[in-house]
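**Q** Below: one structure in structure tokens.
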Amino acid sequence: MANGTADEQPGTGSTTRIVIADDHSVVRSGLRMLLDGEPDFEVVAEAGDIDSARRYVRGHKPAVLVLDLNMPGDPSLPAIPQLREEFPGTQIVVLTMQDDPAFAREAMRAGALGYVLKEAADSELVEAVRVAAAGNTYLHPSLGARLAAEPADDTRDALTEREREVLKLIALGHTNSEIAAQLFLSVRTVESHRAHIQQKLQLQTRAELVRYALDHGLIEV
């Protein structure tokens with residue numbers, strides 16, 4: 001395994017240094033094996049949350065950060081522009097189970113150069129990392145086709161039916177645990193839905209979510 005330096009740049013014959021951020025250790029191990037199998041790739045660190053990812057990127061200065069969208073703690077999507085501003089030399093490839101074009105659009109707008117579905121990681125992640133390291137954009141082909149076919153609507157109205165259910169209960173004052181019990185979901189899933197709702201609507205506080213729910217007829221005064 002090559003001992004890269006902070007001055008190494010992708011595309012010049014040097015090693016492409018990579019940090020993997022995913023909250024599942026089994027997934028990280030599989031991704032490491034996949035990427036380390038390339039002679040010019042080196043996975044220099046694995047992170048289980050955004051804070052760790054930021055710390056490892058600061059310390060290792062990788063060419064690419066492979067970032068899962070659904071991790072505990074701070075949501076990943078709002079962190080992308082922060083990471084890009086703080087570490088402009090590190091490109092971001094999003095790896096996610098979210099096949100909603102709205103998420104792909106928002107991730108790319110936020111500053112990610114790659115968007116790969118986990119189900120296609122074995123066949124696409126290596127290429128996506130290479131493309132991103134070279135400063136170009138990689139988008140999962142089926143998502144690219146769906147984005148091209150969609151009108152450029154405001155993603156504020158792109159909530160799924162489940163997200164609308166969760167938003168309604170949030171606006172009615174229910175806790176994550178109460179919502180999970182009512183919808184037969186795990187608390188972790190509810191937290192993920194809540195983060196996605198806030199990301200899509202670009203709203204942060206409960207008061208803003210309540211106002212949105214009122215304005216869109218999800219609840220009544």
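**Q** Consider V66 carefully, then state whether it is outside any helix (DSSP H, G or I) and touching a Leu at 6+ places or on another chain (Cβ under 7 Å). Steps first, answer last, please.
**A** Numbers: outside any helix (DSSP H, G or I): yes; touching a Leu at 6+ places or on another chain (Cβ under 7 Å): yes.
In short, yes.
**Q** Against the definition (of a type outside the set (V, I, T), closer than 23 Å to T160 by Cα and modelled with pLDDT of 90 or more), how does Y56 come out, yes or no? Break it down into steps so the answer makes sense when it comes.
**A** Numbers: of a type outside the set (V, I, T): yes; closer than 23 Å to T160 by Cα: no; modelled with pLDDT of 90 or more: yes.
So Y56 fails the test.
**Q** Starting from residues that are of a type in the set (V, I, T) and part of a helix (DSSP H, G or I), keep the ones in the stretch 161-191 and report whichever is nearest to Q204 (Cα to Cα).
**A** Residues of the stretch 161-191 that are of a type in the set (V, I, T), as a first pass: 166, 170, 175, 179, 187, 189-190.
Keeping just the survivors that are part of a helix (DSSP H, G or I) gives 166, 170, 179, 187, 189-190.
Values: V166: 15, I170: 13, I179: 19, V187: 19, T189: 18, V190: 16 Å.
So, considering only residues that are of a type in the set (V, I, T) and part of a helix (DSSP H, G or I), the one nearest to Q204 (Cα to Cα) is I170.
**Q** Which of the residues spanning the stretch 123-143 are in contact with a helix residue (DSSP H, G or I) (Cβ under 8 Å, 6 or more places away or on another chain) and not in a helix (DSSP H, G or I)?
**A** Taking the stretch 123-143 first, the residues in contact with a helix residue (DSSP H, G or I) (Cβ under 8 Å, 6 or more places away or on another chain) are 125-126, 129, 137-140, 143.
Selection gives T137, Y138, L139, H140.
**Q** Just a yes or no: is a residue in the stretch 50-63 assigned to a strand (DSSP E or B), touching a residue at least 24 places away in the same chain (Cβ under 8 Å), within 20 Å of I80 (Cβ to Cβ) and assigned by TED's automatic domain parsing to the domain that holds Q82?
**A** In the first step, residues of the stretch 50-63 are kept if they are assigned to a strand (DSSP E or B); the result is none.
No, there is no match, as no residue in the stretch 50-63 is assigned to a strand (DSSP E or B), touching a residue at least 24 places away in the same chain (Cβ under 8 Å), within 20 Å of I80 (Cβ to Cβ) and assigned by TED's automatic domain parsing to the domain that holds Q82.
The values are calculated or read from the model by the stated rules, or taken from the named source; none is laboratory data. This structure is a prediction, so every number in the text was calculated from the model and none was measured. Every residue, glycine among them, receives a Cβ derived from its backbone with ideal geometry; neighbour counts consider all protein chains shown.
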